[in-house]
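Okay, so here's the structure we're looking at.
Bear in mind these aren't lab numbers, they're just calculated from the coordinates by the rules spelled out. All figures in this text were calculated on a predicted structure; none of them were measured in a lab. In this analysis, Cβ positions are derived from the backbone assuming ideal geometry, glycine residues included, and neighbour counts consider all displayed protein chains.
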């Protein structure tokens, strides 16, 4: 092993140009093309939740696609240590959620976006707020959920596993950014979610499948121009910005093919990955 | 009266006396606190490894709910040190709230970066890579930043992931160093109580040495000075270190041998 290989970071290594493996789609899978999967779709009517720092509802890049949302607050005295408040005109306390929503909207312009704000100043409550936000999306019939957040707390492994299974059995697609720090984090490592890391391309529809999971997909996430709170735009890098690309594409597929289940959608995503070659036999 | 306790006390007194004498003999070099040295070495290494013009570390001050610049190197330099700002301001605040690193270029257009503040220091970077200092229990103790990639316009994914690993090591080292400081302070407080409670024993250089160290105008400063002494011990010879270990062991044994409420028996 060379020194360069030894030092190569853990999550994005599968999506560097020389590491991307060419895959073959056979038989009926070879007939699944991007045009079939999402051609002509705008994501119309698909409910997409962004579990994050909030989404700035009136950011010009979002063109009014934000339909409302909730704020999840940590409250040591409340049942299960959290409280949920309606948030009809959501704000974004950092800009990160607006960045994710902006990417989703640019791909699926007619998807309905819901802001689930789970970040706050109480650091001890982070994982609980996050879990409660995810639970809200399950209880409130969201169809696609962008999770550009994760926790590495082992004690939350079970809770998040349970929530992601519940979501899966409710026909939801959870798209989870893998941690930017190469260590296990939840829920990105579960098979019931679609996990995403960054590659350095810029075409929003060019993504890759990694045949050596847990990280499954690589989408643009390096030097991406994104919307930010207070009407701003920034150039940012992180797996956080890769996940919303797959979220947007998933919303397109679901709008065009409402009959598909979460595992079928993952199959469609694999079939349409840029490193999948179609071969009819 | 328990004869064993007396023996223990005498042993403790003797050993402390010897220790303090040897420390006094070696002179109290004014060394920086171990934690500061550690932080400086971390930012120096980070700037070097990631090809950055500058680097800094901010640590959480939970009481005030602020992040505080503890050390910086390079162009930003020392003026920053001691500056505080709320959790939800600036790039560091964002990283602290989310626990996720972020790399951003064209920082001059980035409002998360506290513009007024940066201007006041006269240094506005073009690119930033900011990474949380996270412990294994997911607790974030601060944020490490490297500023201005020297040979590129921005920090890349590779930098981000490597810095994540580097920051984990750094966080553990910083946490350990802070814990050692706390243990030192706790030990000093214990010694102080011990000295005060020892009313009858005719005393000894132990008491006077401790009194001398503890009767300054500012109690906290004195405690920290005494903590310095303990830091110094690590730089002394093997014999001194062994003596120190013996003293600590004796102290621990003494604690175990006494039942609450803890008093010197007469």
Distance histogram for segment A:146-281 (every C-alpha pair counted, 5 angstrom bins, percent rounded to whole numbers): 2, 11, 19, 22, 20, 14, 9, 3, 1, 0, 0
Sort A:161, A:96, A:105, A:26 so the one with the fewest other Cβ atoms within 10 Å of its own Cβ comes first. A:26, A:161, A:105, A:96
Between residue B:150 and residue A:170, the two model label points (7 Å from Cα along the beta-carbon direction) sit apart by a distance in nm of 5.3 nm
Give the angle, between 0 and 90 degrees and rounded to the nearest 10, that separates the Cα long axis of helix A:243-256 from the longest principal axis of the Cα atoms of chain A. 80 degrees
Between the helical axis of A:126-139 and the dominant principal axis of chain A, each derived from Cα atoms, what acute angle in degrees is found, rounded to the nearest 10? 80 degrees
So for B:155, B:251, fewest C-beta neighbours within 10 Å to most, what's the order? B:251, B:155
Can you give me the three principal axis dimensions of chain A from its C-alpha atoms, in Å, biggest first? 61, 46, 37
Could you work out the Rg to Rh ratio of segment A:203-250, with Rh taken as the Kirkwood radius (inverse of the mean 1/r over all Cα pairs)? 1.03
Quick check on the exposure proxy: order A:53, A:106, B:127 from fewest to most C-beta atoms within 10 angstrom. A:106, B:127, A:53
In degrees rounded to 10, the 0-90 angle between helix A:157-169 Cα long axis and the longest Cα principal axis of chain A is 70 degrees
